[in-house]
Amino acid sequence: MSLAVDRLPTLADADLRVPLVTGGSVPYANLDYAASTPCLAAVRTEVDRLLPWYSSVHRGAGFASQVSTRVYERARSTVREFVGAKPDSAVLFTRNTTDALNLLGRSLPAGTQVFRFATDHHAALLSWRTARLHRLGVPASAEDSVRILARALAEAPNGPKLVVITGASNVTGELWPVAELAEVSRLFGARTVLDAAQLAAHRPIDLAGWGLCWIALSGHKMYAPFGSGALVGETDWLSDAEPYLAGGGATASVVEQAGAEAVTWSGLPHRHEGGSPNIVGAYAMAVACDAVTRLGWPAVVDHEQALTARLCEGLAMIPGVRRLRLWADDHPTVGVVSFGVAGFDQQLIATALAAEHGIGIRDGAFCAHQAVRAVLDNVGFGQSDRALRASVGLGTTAEHVDRLVLALRELVLDGPKWTYTRTGDEWRPTPDPRPVPEFLAGGR
């Protein structure tokens with residue numbers, strides 16, 4: 001069952017009310033956690049405590065600078081421990097998972113072959129422009145993904161290899177067989193990177209125990225939306241690569257030599273963190289890691305699974321609604337449920353749910369276009385390239401789920417109550433009387 005209300009951590013949007021086109025306002029039903037989670041109140045509190053001490057890091061003699069440097073470096077240790085990495089693993093702070101995977105992509109040795117599945121999120125699919133790419137297609141099951149990878153690795157020529165592994169699908173929430181894929185990769189001498197963007201806030205991670213080489217994750221998907229992510233793992237490829245961002249911090253020495261700049265690059269981690277780092281984001285991410293760990297993974301999983309089951313049972317009772325899956329219905333997932341509504345424009349459904357009921361869900365292809373096309377085709381929606389996605393997290397309640405189910409049923413059976421106009425590639429309420437928040441009212 002879900003966590004008791006008094007055991008749920010408080011989130012920054014807990015008291016948020018949103019206006020409706022029909023008048024009045026309602027508490028916001030945020031069912032879009034898979035895109036970005038709201039901020040934990042504990043994270044906001046700790047960031048507020050840090051801000052008076054905020055200063056430059058690593059190169060400042062001032063006391064505030066020394067405090068900020070200590071905060072930043074402690075955050076590395078916290079993130080390293082959170083993902084179960086070895087004590088000597090590098091922790092590079094980035095903007096998000098996409099940035100982390102692109103950093104690794106820029107650090108690959110010449111001739112590296114990269115193996116990735118067609119159903120991966122675009123960050124995991126597209127970050128390897130200088131590599132020789134192996135497209136592994138759409139597996140029929142979790143077990144099939146292991147067989148497909150083993151066959152591709154067995155047939156590949158010699159040379160450095162990297163296997164990209166998804167922790168949990170960005171589209172369906174389905175858990176991938178991470179440990180099994182990592183084991184097969186090791187058998188063929190391939191290294192591995194785990195895209196944990198959709199996994200890190202929902203399941204414990206054991207980078208060393210699973211035998212993985214690197215992990216990429218985002219703070220904004222784990223209750224710390226302050227613009228930070230991380231790449232954690234082995235040091236050799238990263239140490240040998242040209243800096244991801246050339247500039248201050250990445251340089252140990254710059255001197256003029258024969259009319260040009262001769263540069264000695266810094267070692268890790270500073271080598272790939274050029275410029276002034278996001279101290280606040282790194283600290284927020286570390287605080288979120290600690291907060292989720294203290295709550296306890298059994299409590300997190302039980303809460304999300306109870307709400308996901310409630311959602312799926314409700315959707316199954318609505319005519320024309322089809323849940324989207326890559327694999328069998330009983331395959332485990334995190335709290336992400338994608339679905340399609342037959343005979344409706346999916347974006348219109350999402351717009352009406354927001355405008356008339358104060359519900360936030362996601363519509364579109366979720367930055368995983370090939371995966372969305374595959375799951376839509378599975379249920380006979382092959383002419384569409386857009387789906388709907390509802391996702392739950394620590395701030396989700398049974399009322400949020402029930403409101404979505406009731407509102408969606410009403411829309412399917414009776415249609416929208418309001419008028420909507422297609423503008424460009426979006427539907428908009430016409431008219432839209434909802435007032436914007438006060439801080440936007442001045443037009444700034």
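Where a number appears in this text, it was derived from the coordinates with a stated rule and is not lab data. This structure is a prediction, so every number in the text was calculated from the model and none was measured. Heads up, the Cβs are rebuilt from the backbone with ideal geometry, glycines too, and the neighbour counts pull from every protein chain shown.
Spacing of the modelled spin labels on Ala252 and Asp402, each 7 Å from Cα toward Cβ, amounts to 6.3 nm. Put a dot 7 Å past the Cα of Asp329, heading toward its Cβ, do the same for Glu313, and the two dots end up 1.4 nm apart. Of all DSSP-defined beta bridges confined to the range 64-184, some 10% are antiparallel rather than parallel. With respect to the chain, whose longest principal axis is taken over its alpha-carbon atoms, helix 346-357 is tilted by about 70°. Taking 0.36 nm per residue of sequence separation and removing the Cα-Cα distance, the Ala61/Thr10 pair yields an extension gain of 14.6 nm.
Spin-label model, Leu413 to Arg74: label points 7 Å out along the Cα-to-beta-carbon direction sit 5.5 nm apart. Once the chain from Ser25 to Arg129 is taken as fully extended at 0.36 nm per residue, the excess over their C-alpha distance is 32.7 nm.
Sorting Met222, Met317, Met285 from the fewest to the most surrounding beta carbons within 10 angstrom yields Met317, Met222, Met285. Length gained on full extension, Ala154 to Asp425: 93.1 nm, using 0.36 nm per residue less the C-alpha separation. Beta bridges assigned by DSSP with both partners in the chain are antiparallel in approximately 65 percent of cases. For Glu304, Glu426, Glu410, the sequence from fewest to most other C-beta atoms within 10 Å is Glu426, Glu410, Glu304. Placing +1 on the Cβ of every Lys and Arg and -1 on the Cβ of every Asp and Glu, with no other charges, gives the chain a dipole of roughly 360 debye about its Cα centre. In the chain, a dipole from Cβ-located charges (positive for Lys and Arg, negative for Asp and Glu) runs towards its positive end, and of Ala152, Thr351, Gly320 it is Ala152 whose Cα lies farthest in that direction. Taking the three principal axes of the alpha carbon atoms in the range 54-294, the coordinate ranges are 58, 52, 27 Å, sorted in descending order. Between helix 178-187 and the chain there is an angle of about 40 degrees, using the helix long axis and the longest principal axis of the Cα atoms. Rounded to the nearest 0.05, the FRET efficiency derived from the C-beta distance between Ala342 and Glu261 at R0 = 56 Å is 0.35. Please determine, in degrees from 0 to 90 and to the nearest 10, the orientation of helix 41-50 with respect to the longest principal axis defined by the Cα atoms of the chain, where the helix direction is its Cα long axis. The angle comes out at about 40 degrees. Of Asp120, Asp330, Asp32, the sequence from fewest to most neighbouring Cβ atoms within 10 angstrom is Asp330, Asp32, Asp120.
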